[in-house]
Amino acid sequence: MNTLLRIAIQKSGRLQEGSLELLKESGLSFSNGKDQLKTQARNFPVEVLFLRDDDIPQYVEDKVADVGLVGENVFAEKKKKNQIVKRLDFAKCRLSIAIPRSETYGGIASLHGKNIATSYPNIVKDFLQKHNITAGIHEISGSVEIAPGIGLADAICDIVSTGSTLLGNGLKEVETVMQSEAVIIANPELGPEKQKILDKLLFRIEAVKKAKN
Ligand code: PRT
Ligand code: ZN
């Protein structure tokens with residue numbers, strides 16, 4: 001049986017288009033059926049699985065997929081035994097702490113005793129620990145930016161790109177917790193055949209990147 005490298009990408013959302021484009025620019029061609037769960041490249045030993053981005057690190061750790069394409073923020077939050085094998089220069093954003101605009105910010109120590117709403121509890125926990133801050137973390141899965149306005153939290157930690165969402169919700173960015181971009185993560189124990197396919201793919205991706213610059 002011929003070995004296939006299984007690549008998990010986001011089923012729909014901000015990473016989906018860029019992920020498929022990257023694979024196509026690297027010379028892989030797919031039959032474009034909609035609503036597929038998986039598809040095989042016609043001309044390269046790769047199979048693509050379409051998943052929710054949050055699930056990808058676990059699937060890669062469990063070897064359901066061999067590699068995955070996710071935001072670095074998701075990779076960092078999930079804390080799996082995978083490795084980043086390529087940074088991709090798209091879906092750039094940052095994870096930041098924001099507070100109501102009406103409040104004065106007296107530096108990171110003023111987060112002491114506050115309640116922070118976020119979808120990234122592990123990253124926030126590590127950040128607070130690193131700065132010796134004791135604060136509450138309130139995990140919510142979506143619409144984090146409305147939390148201070150409805151009295152659910154004093155501050156938030158969420159993804160920021162242009163900053164207009166924060167502005168629209170009366171918030172201001174006060175600390176950058178991490179920078180993020182799309183990355184390729186891989187299970188560290190791929191075995192020689194899959195590793196060879198991955199190396200070939202990464203070589204092509206690098207060539208595409210160089211041609212663009
Ligand atoms: O359904 P699934 O779980 O797969 O997708 P999702 O809804 O969890 O993720 P999705 O598609 O929204 O984002 C996927 C990844 O894109 C994130 O994990 C980030 O790595 C990256 N990314 C880049 C962003 C943004 N830019 C971004 N702007 N993810 C989210 N946003 C949000 C931001 O939180 C804000 O609410 O977009 C809004 C607009 O941002 P501003 O600052 O430009 O106003
Ligand atoms: Zn998600």
Per 5 angstrom bin, beginning at 0 and ending with the bin that holds the maximum distance, the Cα pairs of the range 93-179 fall in percents of 3, 16, 30, 29, 17, 4, 0
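In a shell of Cβ-Cβ distance under 14 Å around ILE156, excluding ILE156 itself, what net charge do Lys and Arg (+1) and Asp and Glu (-1) give? Intermediate results must be reported in sequence, preceding the final value.
Working: positive: ARG94, ARG101, LYS114, LYS172; negative: GLU103, GLU139, GLU145, ASP154, ASP158, GLU173, GLU175.
Within the 14 Å Cβ shell, the charges total -3.
Quick check: net charge around GLN40, other residues with Cβ under 12 Å of its Cβ, Lys/Arg +1 and Asp/Glu -1? The partial results should precede the final answer.
On the way: positive: ARG6, LYS38, ARG42; negative: GLU47.
Computed value for this residue: +2.
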State log₁₀ I(q)/I(0) for the chain at q = 0.12, 0.13, 0.14, 0.17 Å⁻¹ as given by the Debye formula over alpha-carbon point scatterers of equal weight, solvent excluded.
-0.69, -0.78, -0.86, -1.10
Between TYR120, TYR105, TYR59, find the one with the highest GNM mean-square fluctuation for the chain; connect C-alpha pairs within less than 10 Å.
TYR105
What is the spin-label model distance, in nm, from ILE137 to ILE108 if the labels are put 7 Å beyond Cα along the C-beta direction?
1.5 nm
Only Cα pairs within less than 10 Å get springs; with that Gaussian network setup on the chain, which residue of GLN58, GLN83, GLN36 has the largest fluctuation?
GLN36
What percent of all Cα-Cα pairs in the range 44-122 falls into each 10 Å bin, going from 0 up to the bin containing the maximum distance?
14, 38, 24, 17, 6, 1
Check: C-alpha center the range 67-94 vs C-alpha center the range 1-56, spacing in Å is 16 Å
From the phi angles alone, apply the Karplus equation (6.51, -1.76, 1.60; θ = phi - 60°) to the range 95-107 and give each ³J(HN,Hα) in whole Hz, x where the residue is Gly or Pro.
9, 10, 8, 10, 10, x, 4, 6, 8, 7, 9, x, x
Linear extension gain, ASP54 paired with LEU202, 0.36 nm per residue minus alpha-carbon span
51.0 nm
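What number, in nm² with one decimal, is the all-direction average of the projected area of the convex hull of the alpha-carbon atoms of the range 140-211?
7.8 nm²
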Measuring from label point to label point, each 7 Å out along Cα→Cβ, what is the THR3 to LYS125 span in nm?
3.6 nm
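With n ≥ 4 as the cut-off for DSSP H runs, can you work out [θ] at 222 nm for the chain, using -39500 (n - 2.57) per run divided by the number of residues, rounded to the nearest 500?
Numbers: 6 runs with 59 residues, N = 213.
Helices in the chain give a 222 nm mean residue ellipticity of -8000 deg cm²/dmol.
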Which residues in the range 1-42 have a backbone N closer than 16 Å to a point placed 7 Å from the Cα of GLU193 along the Cα-to-Cβ line?
1-7
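Nearest 0.05, what FRET efficiency do GLN40 and ILE146 give at R0 = 45 Å with Cβ-Cβ as r?
Working: r = 42 Å, r/R0 = 0.93.
FRET efficiency, GLN40 to ILE146: 0.60.
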For Cα pairs less than 8 Å apart in space and 6+ apart in sequence, what is the mean separation divided by the residue count of the range 72-203, i.e. the relative contact order in percent?
43 percent
In terms of the charge dipole of the chain, which places +1 on Lys and Arg and -1 on Asp and Glu at the beta carbon, the residue among PRO192, ILE56, TYR120 farthest towards the positive end is PRO192
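Here, each number is a calculation from the coordinates, and none is a lab measurement. All figures in this text were calculated on a predicted structure; none of them were measured in a lab. Here Cβ is always computed from backbone atoms with ideal geometry, including for glycine, and neighbour counts include all displayed protein chains.
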